[in-house]
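Before any comments, here is the structure.
The values are calculated or read from the model by the stated rules, or taken from the named source; none is laboratory data. For clarity, every value in this text was computed on a predicted model and none was experimentally measured. In this analysis, Cβ positions are derived from the backbone assuming ideal geometry, glycine residues included, and neighbour counts consider all displayed protein chains. Just so you know, the surface numbers come from the protein's heavy atoms only, side chains and all, with ligands and any DNA or RNA stripped out. Shrake-Rupley method; radii C 1.70, N 1.55, O 1.52, S 1.80 Å.
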Amino acid sequence: MIRMTEPSKITGVPDHQPAAGGIAARARASVGPKYLTGLNPEQRDAVETLDGPVLVLAGAGTGKTRVLTTRIAHILSQGRARPSEILSVTFTNKAAREMKHRLGQMLGQAVEGMPWLGTFHSIGGRILRTHAELAQLKSNFTVLDTDDQVRLLKQLLQADNIDDKRWPARMLAGLIDGWKNRGLTPSQVPAGEAAVFANGKGGKLYASYQERLKILNAADFGDLLLEDIRIFREHPDILRQYQQRFKYILVDEYQDTNVAQYLWLRLLSQAPAKPASPTVIPGRLEEPNPESGDESSARDSGSAPSAHPGMTAVGPTKNICCVGDDDQSIYGWRGAEVDNILRFDHDFPGAKVIRLERNYRSTGHILAAASHLIAHNEGRLGKTLRTEDQDGEKVTVTGSWDSEEEARGIGEEIEQIQRQGEKLNEIAILVRASYQMREFEDRFVTLGLPYRVIGGPRFYERAEIRDALAYLRVINSPADDLAFERIVNVPKRGLGDATVQMLHDHARKRRIPLFEAARAVVETDELKPKARGSLRDVVAQFDRWRAQREVTAHTDLAQIVLDESGYTEMWQKDRSADAAGRLENLKELVRSMEEFENLQGFLEHISLVMDRDSGADEDAVSLMTLHSAKGLEFDNVFLPGWEEGLFPSQRTLDEQGRAGLEEERRLGHVGLTRARRRAKIYFATNRRIHGTWSTTIPSRFLDELPAANVEITESKGGSAWGGTGGYGASRFDDMEAFGSTYSTPGWQRAQANRNKGGSRNGGGGRGGFEEEASNFSSSSSSGPDFGSFSSRRRGPLTIEGELVAKSTGTTSEFSLSDRVFHQKFGYGRVTRIDGNKLTIAFDKAGEKKVVDSFVQRA
DNA sequence: CCAACCAGATTTTTT
DNA sequence: ATCTGGTTGG
């Protein structure tokens, strides 16, 4: 879904009158405004402390969003600020949408009047568009995504004769991103760092990349904030304007902010500057401190408010309220600085810190387990979550022989939970790495258990969407070389690399965009007749579309472009399994354009605002990574793969050492605290990674769970985890390490199993091992299945909710050798029927067992 | 210009 | 093991 709020649409609350004034007035007689009732004392404090900087440390499930939205309501109802004077930033569109929604519920239509509620990037982008000329851009600049960014860099590397094998463009993109995340413009990048790429050319490449962006009238995501920062620093008058406008600033998920976001916020919030000595921030940045510039300019503008006599004399606002949880900081690897939150009261002197520690989500055992785990971290502000809920069920820890048994066991437990009448929507499987998902998907497909994958490629990252957008971009801005290059030969028109290269040469020589180069080249005979003809058609088509733009609605125009270009046809002719999904996506794209005024408006916002809607509301198990689970909650949470190397991830440990370990631990904490009533942890002794089986040992995090709140259970996957096979080697069964307080029946049973051997076959350890080993080999014989299964993971076809079984139990309506179509596997032929379970030989995906409601007759 | 083959990588994700 | 992207051969 695409949503945006036009600033012009401010309605509902008249600006001159406090919002919800009626409520406030009505309630004043009694205990206070109605919206404050039901808040606990800390929450209420967080809402009512309006003056000065406030840091709300909101543990998981403590009502963070409620505090944020209520605080906004409070500010409005107290008449402290108008809706347009509140800056409220989130990280994701989803979070922004959620806040708008909840505000809407509290205040009626007033949300429409919150023009500055949005993501860092959308707001940063808005500000940048307003002052685009100060960044050598036009206000209609294009926002490049990662893909465009990399392609552009690749061109720069080629132009510089740099071997992009040895120095991949992706790597440079990562470096530049990292610099931008830290608020560094090309000239501010420390020389040592700039030199690491391509024998010292890194810094120069960053600079020429920025130059190219200006020529293309484009900005990347990082620029949306970085250019703002630069403008703020170089033009104190503009900064002051915003500082005066924003009477209140609210920040969600503060623990995820990076340095650039921090600087941006600091400039806007006009915190008093600290002395710019090299030691201001111990252990922060070793390099020349990028903040020093900010601090002086912040101080300058702050100390000279009278410089603009025309402006109302409003003091600098320091009313910034950041909400976050250091224990949920899991994005360090992409530039988030936990330090930002850890140092808050240092950066914003006089800050009031409020801790929300009452958890309204999880039962006692779950909360205790999560708290105990996170307590092993050192670098934290420290909170103690408490609940008034019952203890509930203990967190379970279950070992399995291998990852397949793990999936099987979880599948069975889910079916059991389902039989107890619980909703699949209340069940989630949270994995560390996405490759773990495949096993569960495979299992669920076999079981006919509806599931949905959350996360994965975003809607606007899909090839067909990006292609369609590229067409529109070229129409909108003939100078958009990247877009032109992307679609000049899509669908295939016989305009290959040679032609494009030629156009590039031409364009460079004359300093004109590729499109204009094409127009010129068509008039010459430099191209072979075939290519020349094609290219002439392309140019003519775009000219025609541009003319039509004046008289045609933008949605119709998009449809026309897709049809006339042959793009729709290209996918219609494509017989692959995901072609239908792609066409569906294209329709959705056109549909989504309706929400925008015109093509320009659509393109300006699309890259920032477009995300996948949460899909159908069909009852289904959710499958996602721990990262994408942040902010969500479920009654039942399954946490597979708690093994050393996988979780905590070896790579994180290698690259980031202790800090990495702590971040992984926070990830575990996030996982556990997603659960309302049941949290179930699993580990397997054997796991296949990159095709090879390897033996793993249980995660150290298991040892860090509090014995009193955890129960060790046996795998329900049909086989025991006991036996000397893998379990005997694990540190998890080391009583010393695990603590001696274990006395649960489960633990004792596990103990007994360990000594006796496998519980199911009752034989000696060795016997148990062999039994399992044969089990293992039979499962590995399904290897080919597996492999082909993944071939569809790529596809865009996963329209959520589509994989929902409609009925079960009836005899199949299919017959042998029926030609069928499956959303994930494509076309195939039925080779066996077993009740409602079909065995199908898929053309591409190989043979699979599938429940009949998942397929349709082809 | 296209298909078929081969080497390299392969956590996590937002905008 | 598998997916990607690039190179090679037709």
Item to complete: Return a yes/no flag: does the range A:159-166 have any residue that is more than 23 Å from A:PRO513 (Cβ to Cβ), modelled with pLDDT under 95 and either assigned by the TED database to the domain that holds A:HIS605 or open to solvent by less than 50 Å² (accessible area, probe 1.4 Å) (or both).
Response: yes
Practice prompt. Look at the range A:680-710 and say how many of its residues are part of a strand (DSSP E or B) and either within 16 Å of DNA strand B (Cβ to nearest atom) or of a type outside the set (Ser, Thr, Tyr) (or both).
Written response: 13
Fill in: Selection status of A:GLY409, assigned to a loop (DSSP other than H, G, I, E, B), in the same structural domain as A:GLY645 (by the TED database) and out of contact with any helix residue (DSSP H, G or I) (no Cβ under 7 Å at 6 or more places or on another chain)
no
Item to complete: Take A:THR524 and decide whether it is among the hydroxyl-bearing types (Ser, Thr, Tyr) and within 16 Å of DNA strand B (Cβ to nearest atom).
Response: no
Fill in: Criterion: free of Cβ contacts under 8 Å to residues at least 60 places away in the same chain and under 30 Å from A:CYS322 (Cβ atoms) - qualifying residue of A:GLY222, A:GLY202
A:GLY222
Practice prompt. Might you check whether a residue that is among the basic types (Lys, Arg), part of a loop (DSSP other than H, G, I, E, B) and surrounded by 20 or more Cβ atoms within 10 Å (Cβ to Cβ) occurs anywhere in the range A:424-439?
Written response: yes
Discussion item. Condition (residue is closer than 30 Å to A:LEU373 by Cα and of a type outside the set (Lys, Arg)) applied to the range A:611-621: is it met by at least one residue?
Written reply: yes
Practice prompt. Note down all Cβ pairs under 8 Å where the first residue falls in the range A:676-698 and is under 19 Å from A:ILE712 (Cβ atoms), the second is acidic (Asp, Glu) and within 16 Å of DNA strand B (Cβ to nearest atom), and they're at least six residues apart or on different chains.
Written response: A:PHE683/A:GLU643; A:ALA684/A:GLU643; A:THR696/A:GLU643; A:THR696/A:GLU644; A:ILE697/A:GLU643; A:ILE697/A:GLU644; A:PRO698/A:GLU643; A:PRO698/A:GLU644
Item to complete: For A:ARG466, state whether it is in contact (Cβ under 8 Å) with a residue 24 or more places away in the chain, in contact with a strand residue (DSSP E or B) (Cβ under 9 Å, 6 or more places away or on another chain) and part of a helix (DSSP H, G or I).
Response: no
Worksheet item: Failed condition for A:GLY455, given (1) under 23 Å from A:ARG549 (Cβ atoms); (2) touching a strand residue (DSSP E or B) at 6+ places or on another chain (Cβ under 8 Å), with all others met?
Response: (1)
Worksheet item: Restricting attention to the range A:672-682, which residues are farther than 18 Å from A:GLU439 by Cβ and surrounded by 24 or more Cβ atoms within 10 Å (Cβ to Cβ)?
Response: A:LEU672, A:THR673, A:ARG674, A:ALA675, A:ARG678, A:ALA679
Fill in: Hits in the range A:450-470 (condition: open to solvent by less than 10 Å² (accessible area, probe 1.4 Å), among the hydrophobic types (A, V, I, L, M, F, W, C) and modelled with pLDDT under 90)
A:ILE465
Worksheet item: Taking the range A:149-192, which residues are of a type in the set (Asp, Glu), touching a Lys or Arg at 6+ places or on another chain (Cβ under 8 Å) and within 14 Å of DNA strand C (Cβ to nearest atom)?
Response: A:ASP164
Worksheet item: Under the condition of being under 23 Å from A:SER362 (Cα atoms) and open to solvent by 10 Å² or more (accessible area, probe 1.4 Å), which residue from the range A:397-416 is nearest to DNA strand B (Cβ to nearest atom)?
Response: A:GLU413
Worksheet item: Being more than 30 Å from A:ALA95 (Cα to Cα), over 28 Å from the mean Cα position of the chain (by Cα) and buried (at least 19 other Cβ atoms within 10 Å of the Cβ), is that true of even one residue in the range A:568-586?
Response: yes
Discussion item. Quick check on this structure: which one of A:GLN188, A:GLN244 is open to solvent by 20 Å² or more (accessible area, probe 1.4 Å) and in the same structural domain as A:ARG126 (by the TED database)?
Written reply: A:GLN244
Item to complete: Would you mention how many residues in the range A:412-434 are closer than 18 Å to A:SER400 by Cα and within 15 Å of DNA strand C (Cβ to nearest atom)?
Response: 0
Item to complete: Starting from residues that are farther than 26 Å from A:ALA58 by Cβ and not in a helix (DSSP H, G or I), keep the ones in the range A:643-679 and report whichever is nearest to DNA strand B (Cβ to nearest atom).
Response: A:SER649
Item to complete: Provide a single number: the residues in the range A:161-191 that are touching a residue at least 12 places away in the same chain (Cβ under 8 Å) and within 22 Å of A:TRP333 (Cα to Cα).
Response: 21
Discussion item. Checking A:ASN181 against (1) at pLDDT 90 or above; (2) under 22 Å from A:PRO478 (Cα atoms); (3) within 12 Å of DNA strand B (Cβ to nearest atom), only one condition comes out false. Which one?
Written reply: (2)
Worksheet entry | Residue tally, condition touching a residue at least 12 places away in the same chain (Cβ under 8 Å) and under 35 Å from the mean Cα position of the chain (by Cα), over the range A:497-529 | 4
Worksheet item: Quick one: would you say A:LEU385 is open to solvent by 30 Å² or more (accessible area, probe 1.4 Å) and under 19 Å from A:GLY324 (Cβ atoms)?
Response: no
Worksheet entry | Residue match in the range A:252-265 (condition: assigned to a strand (DSSP E or B), modelled with pLDDT of 95 or more, open to solvent by less than 10 Å² (accessible area, probe 1.4 Å) and under 19 Å from A:GLY350 (Cα atoms)) | no
Item to complete: Examine the range A:596-619 for a residue that is open to solvent by less than 50 Å² (accessible area, probe 1.4 Å), among the polar types (S, T, N, Q) and more than 25 Å from A:SER400 (Cα to Cα), and state whether such a residue exists.
Response: yes
Discussion item. Within the range A:683-695, does at least one residue satisfy the condition of being charged (D, E, K, R) and surrounded by fewer than 20 Cβ atoms within 10 Å (Cβ to Cβ)?
Written reply: yes
Fill in: Of all residues making up the range A:116-161, the number that are in contact with a Ser or Thr (Cβ under 7 Å, 6 or more places away or on another chain), within 16 Å of DNA strand B (Cβ to nearest atom) and not in a strand (DSSP E or B)
3
